[in-house]
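Report on the structure given below.
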Amino acid sequence: YGPETNLRGTTAIDQFVKNQTEEGVRIAQEALADRAAAKMETGFARLEGVNFVRHYLLKDGSLIGEGVGAVKQDVVGHAYAPDNLLQVVKFTREGSKDVVLVNWQGHLMADGAGYNSANACSPGIMRQELETTGNCLPIFILGGSGNMNNFSLINGENQFESYIEHGKFLAKQVMNGVRLPVKRIASAKET
């Protein structure tokens, strides 16, 4: 979740701020050294039954978030529909690896095992898959909604056993041209 960076003067926070600054500079330098003419394309798909809202509606009309297991028999359904839109921007570069920007809403810490370690969860697995299987550079992956998980606490709705399965599934959808109708925008030479 990151520290309160306005509370300077402690070793961990100062080191965090220093690392963030150094990483920002390194990333900018690498990006400038790796420029290439590119064609930009966009695509999107709705992935039903992949994200689940972590807030639940109870029989009495009230809502509950965490701890739903204790009152599961009183759960009517999810409080609202999740954002299940997967959006992709792809830069096909001449003589260099493609760059992919993925926008998917979800909770970054969607597996209990991750609570005890630094863990990028399913977006981290998706990034690894895109780098190895897709042979591309995923430069930015959004996954910041704390109200959506890759599993539901309502019986029968779990599609994924782990965040690893979830991340690999998302990566496959990003790489799958059939599921992602791509709209051609313009090549670098045309703009």
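The values are calculated or read from the model by the stated rules, or taken from the named source; none is laboratory data. A quick note: this is a predicted structure, and the numbers were derived from the prediction, not measured. All Cβ positions, even for glycine, are placed from backbone atoms using ideal geometry, and neighbour counts span all protein chains on display. Surface accessibility is based on the protein's heavy atoms, side chains included, excluding ligands, DNA and RNA. Shrake-Rupley method; radii C 1.70, N 1.55, O 1.52, S 1.80 Å.
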Task: Amide H partners (placed H, <5 Å) of Met148, local residues excluded - done: Arg54, His107
Task: Label-reachable residues, the stretch 28-54, where backbone N falls under 12 Å from a point 7 Å from Tyr80's Cα toward its Cβ - done: 53-54
Open item on the list: Could you put His166, His55 in order of accessible surface area, largest first, with the 1.4 Å probe and the full protein assembly present?
Closed with: His55, His166
Task: In order through the stretch 76-85: 3J(HN,Hα) via Karplus (6.51 cos²θ - 1.76 cosθ + 1.60), integer Hz, x for Gly, Pro - done: 8, x, 6, 5, 7, 7, x, 7, 10, 8
Open item on the list: Over 5 Å intervals from 0, what percent of Cα-Cα pairs in the stretch 20-86 sits in each interval?
Closed with: 3, 13, 14, 10, 8, 8, 10, 10, 8, 9, 5, 2
TODO: May I ask you to list the trypsin sites (Lys or Arg not before Pro) in the stretch 47-106 that are in a DSSP loop and have at most 14 other Cβ atoms within 10 Å of their Cβ?
DONE: Lys59
